[in-house]
Amino acid sequence: MSPADGLVLQDLTLFHGTDVLAHLDLAVRPGAVLTVMAPSGAGKSTLLRALIGALPAGFHATGRILLNGRDVTALPTAARRIGLLFQDDLLFPHLSVGQNLLFGLAPGGTRNQRRERIEQALAAAGLAGFATRDPATLSGGQRARVALLRALLANPEALLLDEPFARLDASLRAQIRQATFDATRHLPVILVTHDAADAAAAGGPVLSLFGQQVSP
């Protein structure tokens with residue numbers, strides 16, 4: 001593995017007025033999960049938005065963001081190749097499961113090849129035959145798996161997890177959490193959470209933002 005592999009932050013600092021989330025220097029290598037733990041308002045979701053290039057109005061950032069040796073600091077969101085999975089699955093209700101996945105699928109291939117990739121991904125996730133299903137008919141765990149598949153089918157080079165397990169009950173949370181970590185072993189991953197069990201399951205370093213305040 002090259003020293004340049006993974007997601008690297010160099011003196012990344014976020015500003016909102018006089019409030020600062022300051023001077024983050026860290027590297028997340030492929031296959032590693034960095035957990036960011038913080039209370040509401042401490043800037044964890046804002047940090048993720050800075051990484052994808054979508055800071056809310058009123059915020060600005062300094063420092064550098066490198067991904068597999070590329071400086072993506074000034075690139076638009078679509079060019080960064082950093083995926084983001086939210087607490088809410090954000091599936092499009094007017095599209096079938098397969099159409100939701102096609103929306104996220106990276107460009108390339110014929111129509112039949114793209115459909116085959118969708119079917120293969122669903123089968124690997126234990127959702128064979130779900131392509132025509134309405135998202136409204138899915139369970140919480142099934143929706144979570146479809147949202148994860150959509151993020152991964154875009155072929156990101158890094159994945160950010162913004163409390164994606166928070167709305168799941170305890171038993172389902174553990175199952176989906178493990179499935180997510182298993183599916184992202186080739187990627188650098190940053191997980192933000194309130195839950196110490198999530199951090200323990202991730203098994204990587206933990207960055208605490210307690211005591212910092214950058215939200216409006």
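Every number here is computed from the coordinates shown, using simple stated rules; none is lab data. Note that this is a predicted model, so its numbers are computed, not measured. Because the Cβ atoms are built from the backbone with ideal geometry, glycine has one as well, and the counts that use them run over all protein chains shown.
Just a few scattered comments:
- Label-point gap, in nm, between Asp195 and Leu26 - each point 7 angstrom along Cα→Cβ: 1.9
- Available extension along the chain between Ser208 and Ser96 is 36.4 nm, counting 0.36 nm per residue and deducting the alpha carbon span.
- Loop-located trypsin sites (Lys or Arg not before Pro) in the stretch 122-214 (DSSP state not H, G, I, E or B) with no more than 13 neighbouring Cβ atoms inside 10 Å: Arg185.
- Within the stretch 86-216, the proportion of C-alpha pairs whose separation exceeds 22 Å stands at 40%.
- D_trans [Stokes-Einstein, Kirkwood Rh over alpha-carbon pairs] for the stretch 25-106, 20 °C, 1.002 mPa s, µm² s⁻¹: 142
- Taking the DSSP beta bridges with both ends in the chain, the antiparallel portion is around 50 percent.
- Pairwise FRET efficiency - Leu66 versus Thr132, Cβ, R0 = 30 Å, nearest 0.05: 0.15
- Applying the Kirkwood pairwise sum to the alpha-carbon positions of the stretch 89-154 produces a hydrodynamic radius of 11.5 angstrom.
- Two-site FRET efficiency, Gln10 against Gln87, from Cβ-Cβ distance with R₀ of 30 Å, rounded to 0.05: 0.60
- Computed on the chain, with alpha-carbon pairs under 8 angstrom and 6+ residues apart, the relative contact order is 35 percent.
- Using θ = phi - 60° and Karplus 6.51 cos²θ - 1.76 cosθ + 1.60, couplings along the stretch 171-180 (whole Hz; Gly, Pro as x): 5, 5, 4, 4, 5, 5, 4, 5, 4, 5
- Relative contact order computed over the stretch 60-187 (Cα-Cα under 8 Å; 6+ residues apart), in percent: 34
- Peptide packing for 188-199, 5-16 was compared via the average number of neighbouring C-beta atoms within 10 Å per residue; ordered from the highest value, the list is 188-199, 5-16.
- Taking label points 7 Å from Cα along the Cα-to-Cβ direction, Ala170 and Arg111 give a separation of 5.0 nm.
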